[in-house]
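**Student:** The following block contains the structure, expressed as structure tokens.
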Amino acid sequence: MNLADYLLQQSTSQIVTDQHTYTHQEIVQRTNQAANAMQQAGLLPEERVLLALPDGIDYVAALLGALKVGAAVVMVNPGLSPEEIQDLLEYSRATLAVYAHPLQSRFLKATLTDLGHPSHHFESFPSHPDDIALWLFSGGTTGRPKAVLQSHQSFINTTELYAKKFLGYTQHDRTLSVPKLFFGYATGSNLFFPLSVGATSILFPEKCTPDKLFEQVQKHRPTLLINVPTLVNQMVNHPQAHCQDLSSLRACTSAGEALPESLYYKWKETFPTVELLDGLGTAEMWHIFLSNHPDDVKPGSLGKAVPGFDIKIADDDGQELPRGEVGRLWVAGDSRALCYWQRSAESQQALRGRYFAASDLMRQDQDGYFFYCGRADEMLKVAGRWLAPQEVESCLLTHPAVKECAVIGKVSPDGLTRPHAIVVKDGEVSAEQLQAHVLQSLEPYKHPRSVTFVDHLPRTHLGKVDRGALRKS
């Protein structure tokens, strides 16, 4: 069960860039050339390849080519510094690294193109369903991310359950993604899923901005937009937002971080014909297992379980809690990770039998919809009561002068924790006005006792707000 063979079965698949449209035949040929080149370079089945390329046909060929050899691919952000990538090389013990040009001279003795003209034909290694296919890095917002080892079977399972059955990917779809392919959310939604049904994947290497995104939508007319809340917010606040033609889109997905309910309504006000589907996935389950459906959206919720996944809200020991109570998210399914690399104790704590016991805190209402309540390690104990920073952030974002924000806990001189807001402004506003704004909507103990204004928020390797960096600043 080689994942690359599974993904390359459909003859109608295409990869579209601004420069060229690559047919299925060209994708297969380039993939086989990459596989042959890696094999000539000495790569063996079960060894690891570190991949740090910008989005494009070379990324696709290198990723699928390594899988065909039977190797495991360690996908990393190509924007990391050479020192950070060197650290990941040593951590993963990769025997081959594929880099974009200015990093090549530092880490490679030869590029793939130096190896001659590899054959267009390659016989895939007969991987076992449980063999490791990809390393994904957990999207935690504090500390060094953990490497999550996922199998060939995991990717095929979610493709069948979420992409084909839940979202209904077909060969007529054209996908466009805000996050880049090294992020598992995009690896699935903008590459694996469209390839699996013979659809079209639209790729561009540049950093995603609202202007770049609107340009790509107009030029390539996607049917599915793979989005994250940060860009959703930037899109609806763009001065030309109401002039944009998004009529080609049948849906827009959102994942990666919490989507405030207020932002959902602002999206629907700005782009009323495009449904915004908030969902949740983790590296430990590789992709989305909980989501709103195009025909069933409850604003503010994460929707319901994708059929084929078993979700419960439970205590630390796995005992299920009554609906309405806040507890840990436990999810089971055939996409569960094998382990965390070199973190045995954490693997045992999080991966329990069929289940992944997440640090995410959730509740389920009486109608079966799930609501995100924050991460256990980010919850604040204020005045003896628990506070989810996301609730205060969602309230702040309803103020027209707030572009972005994050809420963290700060210890006051009396030794007590108090909420503190870090805000990126989009207009004139004072700290006192924002504090009053929160007090109008939330209980008094939840309002930020102090506000700091900044030009931008620090981000992790996956583009999430880096709360660890905020707490240190």
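Taken together, the values in this text are just the output of simple stated rules run on the coordinates, not laboratory data. Since the structure is predicted, the reported quantities are computational estimates derived from the model, not experimental observations. In this analysis, Cβ positions are derived from the backbone assuming ideal geometry, glycine residues included, and neighbour counts consider all displayed protein chains.
**Student:** Kindly provide the helix-only [θ] at 222 nm of the chain, computed as the sum of -39,500 (n - 2.57) over DSSP H runs of four or more divided by all residues, to the nearest 500 deg cm²/dmol? Before the final figure, lay out the partial values.
**Tutor:** Working: 15 runs with 127 residues, N = 473.
Computed ellipticity for the chain at 222 nm equals -7500 deg cm²/dmol.
**Student:** So if I take the centroid of the Cα atoms in the stretch 384-457 and the same for the stretch 65-96, what is the distance between those two points in Å?
**Tutor:** Each part's Cα centre sits 39 Å from the other's.
**Student:** Expressed as a rounded percentage, what relative contact order does the stretch 189-300 have, with Cα pairs under 8 Å and six or more residues apart?
**Tutor:** 20 percent
**Student:** Continuing with this model, one more query. Specify the inter-centroid distance of the stretch 12-64 and the stretch 191-264, based on alpha-carbon positions, in whole Å.
**Tutor:** The distance from the Cα centre of the stretch 12-64 to that of the stretch 191-264 comes to 24 Å.
**Student:** Using Cα-Cα distances under 8 Å and only pairs 6 or more residues apart, what relative contact order does the chain have, in percent?
**Tutor:** RCO, the chain: 12 percent.
**Student:** Amide H of Leu361 versus every other amide H placed in the peptide plane: which residues, excluding those fewer than 5 positions away on the same chain, fall under 5 Å?
**Tutor:** It is Cys373, Gly374, Arg375, Ala376, by chain and number.
**Student:** Under a point-charge model restricted to the Cβ atoms of Lys and Arg (+1) and Asp and Glu (-1), what is the dipole moment magnitude of the stretch 378-472 relative to its Cα centre, in debye to the nearest 20?
**Tutor:** Dipole of the stretch 378-472, to the nearest 20 debye: 380 debye.
**Student:** Note down the net charge around Lys268, summing +1 for each Lys or Arg and -1 for each Asp or Glu among other residues with Cβ under 14 Å from its Cβ.
**Tutor:** Surrounding charge for Lys268 is -2.
**Student:** For Cα pairs less than 8 Å apart in space and 6+ apart in sequence, what is the mean separation divided by the residue count of the stretch 278-374, i.e. the relative contact order in percent?
**Tutor:** 26 percent
**Student:** Students often forget the sequence filter, so: which aspartates and glutamates lie under 20 Å Cα-Cα from Lys180 once same-chain residues fewer than 8 apart are removed?
**Tutor:** Here the aspartates and glutamates satisfying the reach criterion relative to Lys180 are Asp18, Asp55, Asp58, Glu84, Glu206, Asp211, Glu215, Glu257, Asp278, Glu284, Asp466.
**Student:** Let me know the charge dipole size of the chain about its Cα centre in debye, to the nearest 20, where only the beta-carbon of Lys, Arg (+1) and Asp, Glu (-1) is charged.
**Tutor:** Here the chain has a charge dipole of around 420 debye.
**Student:** How big is the Rg/Rh ratio for the stretch 309-378, C-alpha atoms only, Rh by Kirkwood, two decimals? Working shown, then result.
**Tutor:** Details: Rg = 12.3 Å, Rh = 12.5 Å.
My calculation puts Rg/Rh at 0.98.
**Student:** For the chain, build the charge dipole from Cβ charges (+1 Lys, Arg; -1 Asp, Glu) around the Cα centre, then report which of Pro145, Ile226, Thr95 sits farthest towards its positive end.
**Tutor:** It is Pro145, whose Cα lies furthest towards the positive end.
**Student:** On to the next question. Considering the alpha-carbon set of the chain alone, what are its Rg and its Dmax in angstrom?
**Tutor:** 22.3, 70
**Student:** Using +1 at the C-beta of Lys and Arg and -1 at the C-beta of Asp and Glu, which of Leu397, Ser450, Gly463 has the Cα lying farthest in the positive direction of the dipole of the stretch 387-473?
**Tutor:** Selected residue: Gly463.
**Student:** Based on the Cα atoms of the stretch 378-472, what semi-axes does the equivalent ellipsoid have, where each is the square root of 5 times one gyration tensor eigenvalue, given in whole Å with the largest first?
**Tutor:** 19, 17, 12
**Student:** Return Tyr369, Tyr59, Tyr445 ranked ascending by Cβ neighbour count within 10 Å, so the fewest neighbours appear first.
**Tutor:** Placing the least packed residue first, the sequence is Tyr445, Tyr369, Tyr59.
**Student:** What pairs from Lys164/Lys266; Lys164/Lys304; Lys146/Lys298; Lys164/Lys464 go past 22 Å between their alpha carbons? Before the final figure, lay out the partial values.
**Tutor:** Numbers: Lys164/Lys266 29 Å; Lys164/Lys304 17 Å; Lys146/Lys298 32 Å; Lys164/Lys464 28 Å.
Long pairs (Cα-Cα over 22 Å): Lys164/Lys266; Lys146/Lys298; Lys164/Lys464.
**Student:** Now a separate question. Kindly provide log₁₀ I(q)/I(0) values, in the same order as q = 0.17, 0.29 Å⁻¹, from the Debye equation applied to equal alpha-carbon scatterers of the stretch 1-41.
**Tutor:** Normalising to I(0) and taking log10 leaves -0.52, -1.01.
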